[in-house]
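Visitor: Let me begin by handing over the structure; questions about it come next.
The values are calculated or read from the model by the stated rules, or taken from the named source; none is laboratory data. Treat the numbers as computed from the prediction; the structure is a model and nothing was measured. Note that each Cβ is placed from the backbone with ideal geometry, even for glycine, and that neighbours are counted across all protein chains shown.
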Ligand code: MN
(Lines give C-alpha, C1' and ligand atoms only; values in the text may rest on other atoms or scores of the structure.)
Protein backbone atom coordinates (compact mmCIF):
# COMPACT_ATOMS: atom_id res chain seq x y z
CA UNK A 1 0.00 0.00 0.00
CA UNK A 2 1.44 3.38 -1.05
CA UNK A 3 0.43 6.67 0.54
CA UNK A 4 1.24 10.08 -0.93
CA UNK A 5 0.41 13.69 -0.12
CA UNK A 6 -1.27 16.06 -2.60
CA UNK A 7 -0.66 14.17 -5.85
CA UNK A 8 0.26 10.89 -7.48
CA UNK A 9 3.97 10.63 -8.24
CA UNK A 10 4.58 10.76 -12.01
CA UNK A 11 6.09 7.25 -11.79
CA UNK A 12 2.66 5.76 -11.07
CA UNK A 13 1.01 4.97 -14.38
CA UNK A 14 -2.25 3.06 -14.78
CA UNK A 15 -2.68 1.07 -17.95
CA UNK A 16 -6.19 0.60 -19.37
CA UNK A 17 -8.08 0.72 -16.06
CA UNK A 18 -7.97 1.79 -12.41
CA UNK A 19 -10.37 1.22 -9.50
CA UNK A 20 -11.07 4.44 -7.57
CA UNK A 21 -12.80 5.49 -4.36
CA UNK A 22 -12.78 8.68 -2.32
CA UNK A 23 -13.16 9.59 1.35
CA UNK A 24 -14.56 12.98 2.29
CA UNK A 25 -15.65 14.95 5.35
CA UNK A 26 -19.28 14.12 4.56
CA UNK A 27 -21.84 13.66 1.83
CA UNK A 28 -22.55 17.28 0.84
CA UNK A 29 -20.10 18.14 -1.94
CA UNK A 30 -20.14 21.92 -1.54
CA UNK A 31 -19.74 21.69 2.24
CA UNK A 32 -17.58 18.62 2.78
CA UNK A 33 -14.10 18.54 1.36
CA UNK A 34 -12.27 15.68 -0.34
CA UNK A 35 -9.67 14.06 1.95
CA UNK A 36 -8.41 10.90 0.27
CA UNK A 37 -8.38 9.34 -3.20
CA UNK A 38 -7.70 5.60 -3.28
CA UNK A 39 -6.68 3.82 -6.46
CA UNK A 40 -6.01 0.19 -7.29
CA UNK A 41 -4.35 -1.07 -10.45
CA UNK A 42 -5.58 -4.19 -12.22
CA UNK A 43 -2.75 -6.20 -10.66
CA UNK A 44 -3.88 -5.24 -7.16
CA UNK A 45 -1.46 -2.48 -6.20
CA UNK A 46 -3.06 0.24 -4.05
CA UNK A 47 -2.02 3.91 -4.22
CA UNK A 48 -3.63 6.54 -2.00
CA UNK A 49 -3.35 10.32 -2.20
CA UNK A 50 -4.15 12.48 0.78
CA UNK A 51 -5.72 15.77 -0.31
CA UNK A 52 -4.95 18.82 1.78
CA UNK A 53 -7.53 21.54 2.36
CA UNK A 54 -7.68 23.96 -0.58
CA UNK A 55 -4.95 22.23 -2.60
CA UNK A 56 -6.88 21.55 -5.82
CA UNK A 57 -4.23 22.98 -8.14
CA UNK A 58 -1.38 20.83 -6.86
CA UNK A 59 -2.71 17.47 -8.03
CA UNK A 60 -1.44 17.72 -11.62
CA UNK A 61 -0.80 14.01 -12.23
CA UNK A 62 -3.98 12.90 -10.51
CA UNK A 63 -6.08 15.34 -12.51
CA UNK A 64 -4.48 14.25 -15.77
CA UNK A 65 -5.19 10.60 -15.02
CA UNK A 66 -8.82 11.30 -14.06
CA UNK A 67 -9.44 13.19 -17.30
CA UNK A 68 -7.60 10.69 -19.52
CA UNK A 69 -10.32 9.10 -21.63
CA UNK A 70 -8.10 6.10 -22.46
CA UNK A 71 -8.09 4.91 -18.82
CA UNK A 72 -11.28 3.28 -17.54
CA UNK A 73 -12.17 4.38 -13.97
CA UNK A 74 -14.07 1.77 -11.99
CA UNK A 75 -16.10 3.10 -9.04
CA UNK A 76 -18.77 1.75 -6.74
CA UNK A 77 -21.48 4.45 -6.77
CA UNK A 78 -19.56 6.63 -9.21
CA UNK A 79 -22.16 9.37 -8.95
CA UNK A 80 -20.83 10.59 -5.63
CA UNK A 81 -17.12 10.18 -6.40
CA UNK A 82 -17.20 11.96 -9.74
CA UNK A 83 -19.21 14.84 -8.27
CA UNK A 84 -16.63 15.49 -5.55
CA UNK A 85 -13.68 14.92 -7.92
CA UNK A 86 -15.13 17.19 -10.62
CA UNK A 87 -15.95 19.85 -8.03
CA UNK A 88 -12.64 19.71 -6.16
CA UNK A 89 -10.34 19.69 -9.17
CA UNK A 90 -12.48 21.64 -11.65
CA UNK A 91 -12.24 18.76 -14.09
CA UNK A 92 -14.42 16.18 -15.75
CA UNK A 93 -13.69 12.55 -14.89
CA UNK A 94 -13.78 10.65 -18.18
CA UNK A 95 -14.43 6.98 -19.04
CA UNK A 96 -16.44 5.71 -16.09
CA UNK A 97 -17.69 2.30 -14.93
CA UNK A 98 -19.94 1.91 -11.91
CA UNK A 99 -20.27 -1.48 -10.19
CA UNK A 100 -23.41 -0.31 -8.38
CA UNK A 101 -25.22 0.54 -11.62
CA UNK A 102 -24.03 -2.72 -13.22
CA UNK A 103 -25.28 -4.60 -10.18
CA UNK A 104 -28.70 -2.91 -10.27
CA UNK A 105 -29.05 -3.77 -13.97
CA UNK A 106 -28.35 -7.49 -13.57
CA UNK A 107 -28.81 -8.52 -9.95
CA UNK A 108 -32.52 -7.79 -10.17
CA UNK A 109 -33.22 -10.66 -7.75
CA UNK A 110 -32.09 -8.50 -4.81
CA UNK A 111 -32.12 -4.93 -3.56
CA UNK A 112 -28.77 -5.35 -1.81
CA UNK A 113 -26.28 -3.45 -3.95
CA UNK A 114 -23.89 -2.14 -1.31
CA UNK A 115 -20.18 -2.84 -1.77
CA UNK A 116 -20.20 -5.11 1.26
CA UNK A 117 -23.07 -7.18 -0.19
CA UNK A 118 -21.47 -7.45 -3.62
CA UNK A 119 -18.07 -8.48 -2.29
CA UNK A 120 -19.73 -11.08 -0.08
CA UNK A 121 -21.99 -12.59 -2.76
CA UNK A 122 -19.62 -12.46 -5.72
CA UNK A 123 -16.25 -13.01 -4.07
CA UNK A 124 -17.19 -14.64 -0.77
CA UNK A 125 -15.17 -12.08 1.23
CA UNK A 126 -16.37 -10.22 4.35
CA UNK A 127 -15.35 -6.56 4.44
CA UNK A 128 -15.89 -4.19 7.34
CA UNK A 129 -17.55 -0.80 6.93
CA UNK A 130 -16.68 0.33 10.47
CA UNK A 131 -14.25 3.11 9.54
CA UNK A 132 -16.63 4.62 6.98
CA UNK A 133 -17.73 7.38 9.33
CA UNK A 134 -14.44 8.56 10.74
CA UNK A 135 -12.39 11.76 10.60
CA UNK A 136 -10.83 11.55 7.14
CA UNK A 137 -9.58 15.14 7.45
CA UNK A 138 -6.93 14.34 10.07
CA UNK A 139 -3.32 14.84 9.04
CA UNK A 140 -2.13 11.35 9.99
CA UNK A 141 -4.65 8.69 9.06
CA UNK A 142 -4.73 5.63 11.33
CA UNK A 143 -3.75 2.13 10.19
CA UNK A 144 -7.40 1.10 10.53
CA UNK A 145 -8.50 3.96 8.27
CA UNK A 146 -5.86 3.17 5.64
CA UNK A 147 -6.73 -0.52 5.68
CA UNK A 148 -10.42 0.28 5.32
CA UNK A 149 -9.75 2.80 2.54
CA UNK A 150 -7.67 0.28 0.58
CA UNK A 151 -10.39 -2.35 1.01
CA UNK A 152 -12.83 -0.11 -0.82
CA UNK A 153 -10.83 -0.31 -4.07
CA UNK A 154 -9.20 -3.74 -3.77
CA UNK A 155 -12.14 -5.77 -5.09
CA UNK A 156 -13.59 -3.50 -7.77
CA UNK A 157 -11.73 -5.07 -10.71
CA UNK A 158 -12.92 -8.55 -9.71
CA UNK A 159 -16.50 -7.32 -9.24
CA UNK A 160 -16.43 -5.68 -12.65
CA UNK A 161 -15.29 -8.92 -14.27
CA UNK A 162 -18.20 -10.87 -12.81
CA UNK A 163 -20.75 -8.10 -13.47
CA UNK A 164 -19.53 -7.80 -17.09
CA UNK A 165 -20.13 -11.52 -17.52
CA UNK A 166 -23.66 -11.17 -16.10
CA UNK A 167 -24.42 -8.07 -18.20
CA UNK A 168 -23.36 -9.93 -21.36
CA UNK A 169 -25.39 -13.00 -20.38
CA UNK A 170 -28.53 -10.88 -19.90
CA UNK A 171 -27.88 -8.73 -23.02
CA UNK A 172 -27.58 -5.54 -20.99
CA UNK A 173 -23.99 -4.53 -21.73
CA UNK A 174 -24.93 -1.69 -24.06
CA UNK A 175 -27.58 -0.42 -21.67
CA UNK A 176 -25.02 -0.37 -18.87
CA UNK A 177 -22.61 1.63 -21.00
CA UNK A 178 -25.30 4.16 -21.80
CA UNK A 179 -25.98 4.51 -18.06
CA UNK A 180 -22.25 5.04 -17.37
CA UNK A 181 -22.16 7.75 -20.05
CA UNK A 182 -25.17 9.45 -18.45
CA UNK A 183 -23.19 9.83 -15.20
CA UNK A 184 -21.53 12.96 -16.64
CA UNK A 185 -24.95 14.55 -17.08
CA UNK A 186 -26.12 13.39 -13.65
CA UNK A 187 -23.00 14.86 -12.06
CA UNK A 188 -23.52 18.21 -13.82
CA UNK A 189 -27.11 18.32 -12.54
CA UNK A 190 -26.02 17.34 -9.03
CA UNK A 191 -23.48 20.18 -8.96
CA UNK A 192 -26.10 22.60 -10.24
CA UNK A 193 -28.44 21.50 -7.46
CA UNK A 194 -31.06 20.03 -9.79
CA UNK A 195 -32.16 16.56 -8.72
CA UNK A 196 -31.83 14.31 -11.81
CA UNK A 197 -34.54 11.91 -10.60
CA UNK A 198 -36.99 14.84 -10.31
CA UNK A 199 -36.67 15.61 -14.02
CA UNK A 200 -38.26 12.31 -14.95
CA UNK A 201 -41.19 12.13 -12.55
CA UNK A 202 -44.58 13.63 -13.26
MN1 LIG B 1 -14.84 4.37 0.67
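Visitor: Consider residue 53 carefully, then state whether it is more than 16 Å from the ligand (Cβ to nearest atom), surrounded by 15 or more Cβ atoms within 10 Å (Cβ to Cβ) and in contact (Cβ under 8 Å) with a residue 60 or more places away in the chain.
Guide: So residue 53 fails the test.
Visitor: Of everything in the range 115-132 that's within 13 Å of the ligand (Cβ to nearest atom) and farther than 17 Å from residue 103 by Cα, which residue is modelled with the highest pLDDT?
Guide: Here the answer is 127.
Visitor: Which one is nearest to the chain's Cα centre (by Cα) among residues in the range 1-48 that are away from the ligand (no atom under 14 Å from the Cβ) and not in a loop (DSSP other than H, G, I, E, B)?
Guide: Ranking the candidates gives 18 first.
Visitor: Okay, next question. Keeping to the range 136-156, report how many residues are loosely packed, with under 12 Cβ neighbours inside 10 Å and either part of a loop (DSSP other than H, G, I, E, B) or in contact with a strand residue (DSSP E or B) (Cβ under 6 Å, 6 or more places away or on another chain) (or both).
Guide: Total meeting the criteria: 3.
Visitor: Now for a separate question. Any residue at all in the range 90-102 that's within 15 Å of the ligand (Cβ to nearest atom), surrounded by fewer than 16 Cβ atoms within 10 Å (Cβ to Cβ) and within 14 Å of the chain's Cα centre (by Cα)?
Guide: The answer is no, given that none of the residues of the range 90-102 is within 15 Å of the ligand (Cβ to nearest atom), surrounded by fewer than 16 Cβ atoms within 10 Å (Cβ to Cβ) and within 14 Å of the chain's Cα centre (by Cα).
Visitor: Restricting attention to the range 169-193, report how many residues are under 15 Å from residue 86 (Cβ atoms) and not in a helix (DSSP H, G or I).
Guide: Adding up the residues that qualify gives 1.
Visitor: To continue, here is another question. Please name all residue pairs, on different chains or six or more residues apart, with Cβ atoms under 8 Å, provided the first residue is in the range 178-198 and is without any contact (Cβ under 8 Å) to a residue 60 or more places away in the chain and the second residue is part of a loop (DSSP other than H, G, I, E, B).
Guide: 189/195
Visitor: Then there is this: Can you tell me how many residues in the range 174-183 are surrounded by 16 or more Cβ atoms within 10 Å (Cβ to Cβ) and either modelled with pLDDT under 95 or over 30 Å from residue 31 (Cβ atoms) (or both)?
Guide: Total meeting the criteria: 1.
Visitor: Among 91, 74, 28, 101, which is farther than 13 Å from residue 152 by Cα and either touching a strand residue (DSSP E or B) at 6+ places or on another chain (Cβ under 9 Å) or in contact (Cβ under 8 Å) with a residue 40 or more places away in the chain (or both)?
Guide: Matching residue, one of 91, 74, 28, 101: 101.
Visitor: Ok, one more. Tell me which residues, restricted to the range 133-153, are farther than 17 Å from residue 103 by Cα, within 11 Å of the ligand (Cβ to nearest atom), touching a residue at least 60 places away in the same chain (Cβ under 8 Å) and in contact with a helix residue (DSSP H, G or I) (Cβ under 9 Å, 6 or more places away or on another chain).
Guide: 136
Visitor: A further question follows. Among the numbered criteria (1) in contact with a helix residue (DSSP H, G or I) (Cβ under 8 Å, 6 or more places away or on another chain); (2) outside any loop (DSSP other than H, G, I, E, B), which one does residue 130 miss?
Guide: Just one mismatch for residue 130, condition (2).
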